[in-house]
1. If you build the Cα gyration tensor of region 1-64 and take the root of 5 times each eigenvalue, what three semi-axes come out, in whole angstrom, biggest first?
2. Taking the highest mean first, how do the peptides 147-153, 73-79, 137-143, 34-40 order by number of other beta carbon atoms within 10 angstrom per residue?
3. For the chain, what does the helix formula give at 222 nm: sum of -39500 (n - 2.57) over DSSP H segments with n ≥ 4, over the residue count, nearest 500 deg cm²/dmol?
4. Report the paramagnetic label zone for residue 66: residues of region 104-122 whose backbone N is under 17 Å from a point 7 Å from Cα along the Cα-to-Cβ axis.
5. Mean Kyte-Doolittle of at least -1.0 and a Cα length of 30 Å or more along the axis: which whole DSSP H helices of the chain meet both?
6. Which FRET efficiency value, to the nearest 0.05, do you get for residue 24 and residue 91 by plugging their Cβ-Cβ distance into 1/(1 + (r/R0)^6) with R0 = 45 Å?
7. For residue 5 and residue 126, compute 0.36 nm times the residue count separating them, minus their Cα-Cα distance, and round to one decimal in nm.
8. Taking every Cα atom in the chain, find the radius of gyration and the maximum pairwise distance Dmax, and write them in Å.
Amino acid sequence: MTRAAVIGLLLFSAAVLQTALFPHLAIAGYRPDLLLLVTAAFALHDGASTGVLVGFTAGVVTDLLLVQPSLGLSTVVLVSVGYAVGLVRPYLAIGSVTAPVAIAFASGVAGTAGYGLLSRLLGDPRFTLELVAQASLMVGLYNTVLAPPAFVLVGGLTGRFPPQRTAPL
């Protein structure tokens, strides 16, 4: 099995959990964003280029699963989160316990806030500033709780299926 197939299977599994199971586990109407968490985990383990690729794929999956007026918005947000986490990666102690938890919280807050604010900017009146702030905090907290198993799983997969590094020309 190739690395791309493993990542695809993981994203598919995350999408199924997010759409089939997590709505039943919602707290105050909010649920975690597992595809956002997986994107952040890959970006933290492998860097910005993998974060962008996984974020793009996860964003397309999210955009296709959700009925939303702004097609492509999730893709923009997840690519941005994957890139940003990949950029801060060199400045974090990746082997520590706190780095994945902090990244899970920060990416949950930033991704949810980015989606809500961009939706509001594009004219969706449902996204008030109060709702965006509340949703961002809740998703960030929920993703923080799910961070340890998600980052361990992604770390194991990246160890077993490392990224292909090409030699510079």
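1. For region 1-64, the ellipsoid semi-axes come out as 22, 13, 10 Å.
2. Values: 147-153: 16.9, 73-79: 23.1, 137-143: 21.1, 34-40: 29.3.
Top of the packing list down: 34-40, 73-79, 137-143, 147-153.
3. On the way: 6 runs with 117 residues, N = 169.
Taking each H run of at least 4 residues, the total per residue is -23500 deg cm²/dmol.
4. What the label zone holds, given the 17 Å backbone N cut-off, is 107-122.
5. On the way: long enough: 98-121 (34 Å, 1.08); 129-160 (43 Å, 1.13).
Flagged H segments are 98-121, 129-160.
6. Values: r = 38 Å, r/R0 = 0.84.
The computed FRET efficiency comes out at 0.75.
7. Values: separation 121, 0.36 × 121 = 43.56 nm, distance 3.70 nm.
Once the chain is fully extended between residue 5 and residue 126, it gains 39.9 nm.
8. Using the Cα atoms of the chain, the pair Rg, Dmax is 15.4, 53 Å.
The values are calculated or read from the model by the stated rules, or taken from the named source; none is laboratory data. This structure is a prediction, so every number in the text was calculated from the model and none was measured. Heads up, the Cβs are rebuilt from the backbone with ideal geometry, glycines too, and the neighbour counts pull from every protein chain shown. Side chains included, ligands, DNA and RNA excluded: accessible areas come from the protein's heavy atoms. Shrake-Rupley method; radii C 1.70, N 1.55, O 1.52, S 1.80 Å.
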